[in-house]
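Below is one structure; the comments refer to it alone.
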Amino acid sequence: MPFKQHREGGDISAIFVHAGAGFHSFANEKHHLSACQDAAKVAMTILKNGGEATDAVEMAIKVLEDREITNAGYGSNLAMDGTVE
């Protein structure tokens with residue numbers, strides 16, 4: 001009979017991120033995927049090292065907002081009046 005590892009609650013983690021709503025050009029697909037992968041890696045590293053989920057989420061958002069390619073933070077699309085909402 002194969003050994004089955006018993007898992008306690010809290011030792012399984014998953015991270016889901018996206019690069020913003022709306023159409024994304026196929027020409028920029030690698031850049032969007034890279035931004036998402038970097039955000040997920042940062043968040044997972046925090047979780048695997050015993051960090052809080054809220055800290056992991058905050059860092060993932062920061063990574064995405066710091067990327068010009070995403071429609072958030074630094075890369076935000078401007079509203080009709082020229083401001084970031």
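If I filter the stretch 4-30 down to residues being modelled with pLDDT of 80 or more and open to solvent by less than 100 Å² (accessible area, probe 1.4 Å), which single residue comes out as nearest to Ala43 (Cα to Cα)?
We begin by selecting, within the stretch 4-30, every residue modelled with pLDDT of 80 or more; these are 14-18, 25-30.
Cutting the leftovers down to open to solvent by less than 100 Å² (accessible area, probe 1.4 Å) gives us 14-15, 17, 25, 27-29.
Values: Ala14: 9, Ile15: 7, Val17: 10, Ser25: 26, Ala27: 27, Asn28: 23, Glu29: 21 Å.
Among those that are modelled with pLDDT of 80 or more and open to solvent by less than 100 Å² (accessible area, probe 1.4 Å), it is Ile15.
Rundown of residues vs (1) open to solvent by 100 Å² or more (accessible area, probe 1.4 Å); (2) assigned to a helix (DSSP H, G or I); (3) farther than 18 Å from Gly20 by Cα, yes/no style:
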position: Glu58; (1), (2), (3): yes, yes, no
position: Arg67; (1), (2), (3): no, no, no
position: Asn71; (1), (2), (3): no, no, no
position: Tyr74; (1), (2), (3): yes, yes, no
position: Gly82; (1), (2), (3): no, no, yes
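The values are calculated or read from the model by the stated rules, or taken from the named source; none is laboratory data. Keep in mind that what you see is a predicted model, and the values were worked out from it rather than measured. For accessibility, only protein heavy atoms count, side chains too; no ligands or nucleic acids. Shrake-Rupley method; radii C 1.70, N 1.55, O 1.52, S 1.80 Å.
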